[in-house]
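The values are calculated or read from the model by the stated rules, or taken from the named source; none is laboratory data. The structure presented is a predicted model; accordingly, all values stated were derived computationally and were not measured. Counting neighbours? That spans all protein chains shown, and the Cβs are built from the backbone with ideal geometry, glycine included. Accessible surface areas use protein heavy atoms only, side chains included; no ligands, DNA or RNA. Shrake-Rupley method; radii C 1.70, N 1.55, O 1.52, S 1.80 Å.
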Amino acid sequence: MPESPCGPDCLPPRDPGTEVGRLRLAMRIGITVGLLLIGSAMVLALPSQLRQRAVPKWFRMLLRALGIRLEVDGTLSPGGGLIVCNHVSWLDVVALQVLTPMKMLAKVEVRSWPVLGSLAGRVGTVYIDRDRLSALPGAVATIADELRAGSVIGTFPEGTTWCGNASGPFRPAVFQAALDAGARMQPVAVRFRDGRGRLTTGAAFLGDASLADSVLSVARMRGLVVEVVVLPELTGTDRKALAREAQAAITGATGAHLGHGEPAEAIAA
């Protein structure tokens with residue numbers, strides 16, 4: 001199963017000089033909670049077409065509520081396809097959804113996340129059980145069916161979060177799903193900068209941290225920037241070669257070094 005050696009030691013030490021005050025923090029958390037409630041009502045009440053147009057705007061508002069600036073370099077190709085991205089934080093999902101509404105592959109544990117789990121299910125999240133390799137062929141077939149139907153599928157081939165300074169091996173199974181469906185494949189790199197413009201691991205969601213702890217940590221940060229780099233589409237017919245090509249393109253954009261471990265025949269979640 002995908003494992004990451006990244007943990008609390010990868011995070012920068014807390015520095016009061018880089019954090020917002022208590023009042024600003026309380027405002028950010030309050031607005032974020034309000035937006036989550038609005039989002040829950042939105043996915044329940046809005047027709048599908050209106051929801052598709054509203055989702056990117058809602059996720060952009062969520063970033064602003066947390067004091068995060070989004071910078072995007074490049075544009076996604078139109079139409080359905082597989083979007084592959086490095087995985088650092090739950091903020092990766094937020095940033096990708098600002099680019100275009102997409103169905104995300106996620107571990108089954110996401111279903112139990114308060115509010116966000118319900119939202120994820122309503123917008124069409126495809127859940128993968130990472131602990132059952134016997135479920136792999138069915139998962140690949142499900143993803144391929146979604147791609148054939150014209151869906152945009154977002155996935156993190158590392159299968160788990162890394163700190164951003166290091167990156168895990170990309171699993172090839174999702175690339176096989178795209179090949180089976182004849183779908184385009186486009187890598188996207190996500191990286192984070194602090195208020196001083198330096199690359200930071202401060203937004204990483206690692207180890208045993210709870211979602212609430214991670215949200216609070218992110219909300220404290222002053223001047224956090226999430227940068228999204230849209231990279232050229234992949235070409236090829238071999239899933240393992242495609243996984244290596246995607247990883248090389250993304251680590252080239254983020255500057256991350258490859259962590260330990262060899263790719264395994266496991267589905268990305």
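Any residue that is among the hydrophobic types (A, V, I, L, M, F, W, C), within 18 Å of Cys6 (Cα to Cα) and open to solvent by 30 Å² or more (accessible area, probe 1.4 Å) - is there at least one of those in the stretch 187-203? Yes, there is a match, as at least one residue in the stretch 187-203 is among the hydrophobic types (A, V, I, L, M, F, W, C), within 18 Å of Cys6 (Cα to Cα) and open to solvent by 30 Å² or more (accessible area, probe 1.4 Å).
If you go through the stretch 204-215, how many residues are open to solvent by 50 Å² or more (accessible area, probe 1.4 Å) and within 21 Å of Leu96 (Cα to Cα)? Counting residues in the stretch 204-215 that are open to solvent by 50 Å² or more (accessible area, probe 1.4 Å) and within 21 Å of Leu96 (Cα to Cα) gives 1. Picking from residues in the stretch 53-73 that are touching a residue at least 40 places away in the same chain (Cβ under 8 Å) and surrounded by 14 or more Cβ atoms within 10 Å (Cβ to Cβ), the one that is farthest from Gly223 (Cα to Cα) is Val55. Close Cβ contacts (under 6 Å, 6 or more residues apart or on different chains) running from residues in the stretch 147-162 that are at positive phi to residues that are open to solvent by 10 Å² or more (accessible area, probe 1.4 Å) and among the basic types (Lys, Arg) comprise Gly159/Arg171.
Anything in the stretch 75-86 that is in a loop (DSSP other than H, G, I, E, B) and either open to solvent by less than 10 Å² (accessible area, probe 1.4 Å) or modelled with pLDDT of 95 or more (or both)? List them, or say none. Listed by number, the list holds a single entry, Asn86. Of Trp90, Trp113, all but one fail to be hydrophobic (A, V, I, L, M, F, W, C), modelled with pLDDT of 85 or more and surrounded by 15 or more Cβ atoms within 10 Å (Cβ to Cβ); the exception is Trp90. Of the residues making up the stretch 142-178, those that are hydroxyl-bearing (Ser, Thr, Tyr) and either buried (at least 21 other Cβ atoms within 10 Å of the Cβ) or closer than 15 Å to Val126 by Cβ (or both) are Thr142, Ser151, Thr155, Thr161, Ser167.
Filtering the stretch 41-51 to residues that are closer than 19 Å to Thr100 by Cα and of a type in the set (Gly, Ala, Ser) leaves only Ser48.
Pro12 falls short on exactly one of the conditions (1) assigned to a strand (DSSP E or B); (2) open to solvent by 30 Å² or more (accessible area, probe 1.4 Å), and that condition is (1). Just a yes or no: is a residue in the stretch 16-28 assigned to a helix (DSSP H, G or I) and under 19 Å from the mean Cα position of the chain (by Cα)? No, the stretch 16-28 has no match at all. Which residues, counting only those in the stretch 216-239, are open to solvent by 40 Å² or more (accessible area, probe 1.4 Å), out of contact with any Phe, Trp or Tyr (no Cβ under 8 Å at 6 or more places or on another chain) and part of a helix (DSSP H, G or I)? Result: Leu216, Ser217, Arg220. For the stretch 15-35, give me each residue that is charged (D, E, K, R), open to solvent by 100 Å² or more (accessible area, probe 1.4 Å) and free of Cβ contacts under 8 Å to residues at least 12 places away in the same chain. Passing the criteria: only Arg22.
Could you list all residues from the stretch 168-211 that are of a type in the set (Asp, Glu) and free of Cβ contacts under 8 Å to residues at least 24 places away in the same chain? Answer for the stretch 168-211, where residues must be of a type in the set (Asp, Glu) and free of Cβ contacts under 8 Å to residues at least 24 places away in the same chain: just Asp208.
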